[in-house]
1. Which one of these does ALA40 not meet: (1) of a type in the set (A, V, I, L, M, F, W, C); (2) modelled with pLDDT of 80 or more; (3) buried (at least 16 other Cβ atoms within 10 Å of the Cβ)?
2. Return yes or no: is GLY50 modelled with pLDDT of 85 or more and within 16 Å of SER13 (Cα to Cα)?
3. Let me confirm something: among ALA57, ALA87, which residue is in contact (Cβ under 8 Å) with a residue 60 or more places away in the chain and over 15 Å from SER13 (Cβ atoms)?
4. For SER98, state whether it is modelled with pLDDT under 85, of a type outside the set (A, V, I, L, M, F, W, C) and surrounded by 14 or more Cβ atoms within 10 Å (Cβ to Cβ).
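The values are calculated or read from the model by the stated rules, or taken from the named source; none is laboratory data. None of the values given here were measured: they were computed from a predicted structure. Every residue, glycine as well, gets a Cβ built from its backbone with ideal geometry; the counts of neighbours run over all protein chains shown.
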Amino acid sequence: MFSFKFSHRLISSAILVTVSSVAASYAATLSGHVADENKAAVQGNIAYFGTYSVNEADGTLTLHVTRSSYPNWTGTDQLRQVTSLTAQELKYTNPSASFGGTAELVWKRVK
């Protein structure tokens with residue numbers, strides 16, 4: 001089991017996940033993108049913000065989503081499984097990532 005050594009109060013977070021395969025646009029401005037570029041950009045990114053909490057008993061992280069670029073997530077709780085936690089780093093998985101498959105995310109403490 002994990003050793004959680006931090007306060008369990010709600011903490012704010014802002015997250016942007018981008019797939020590495022999204023190609024650069026040829027347009028000089030956002031409004032200059034063609035439909036295919038816009039589609040690739042939207043399908044290759046997700047952003048959300050809110051607070052999060054950790055459940056020490058079952059090793060889970062709950063993201064309390066205040067707002068998301070994916071409207072269905074706004075106002076929801078997203079549950080993730082913690083795979084590793086130290087004083088400097090938090091790793092968790094999303095078994096049903098929005099881009100398909102499983103995603104592992106790593107948060108590192110800012111020095």
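1. (2) is the only condition that ALA40 fails.
2. On the way: modelled with pLDDT of 85 or more: yes; within 16 Å of SER13 (Cα to Cα): yes.
In short, yes.
3. Working: ALA57 fails: in contact (Cβ under 8 Å) with a residue 60 or more places away in the chain.
Criteria check complete, one pass: ALA87.
4. Details: modelled with pLDDT under 85: yes; of a type outside the set (A, V, I, L, M, F, W, C): yes; surrounded by 14 or more Cβ atoms within 10 Å (Cβ to Cβ): yes.
So SER98 passes the test.
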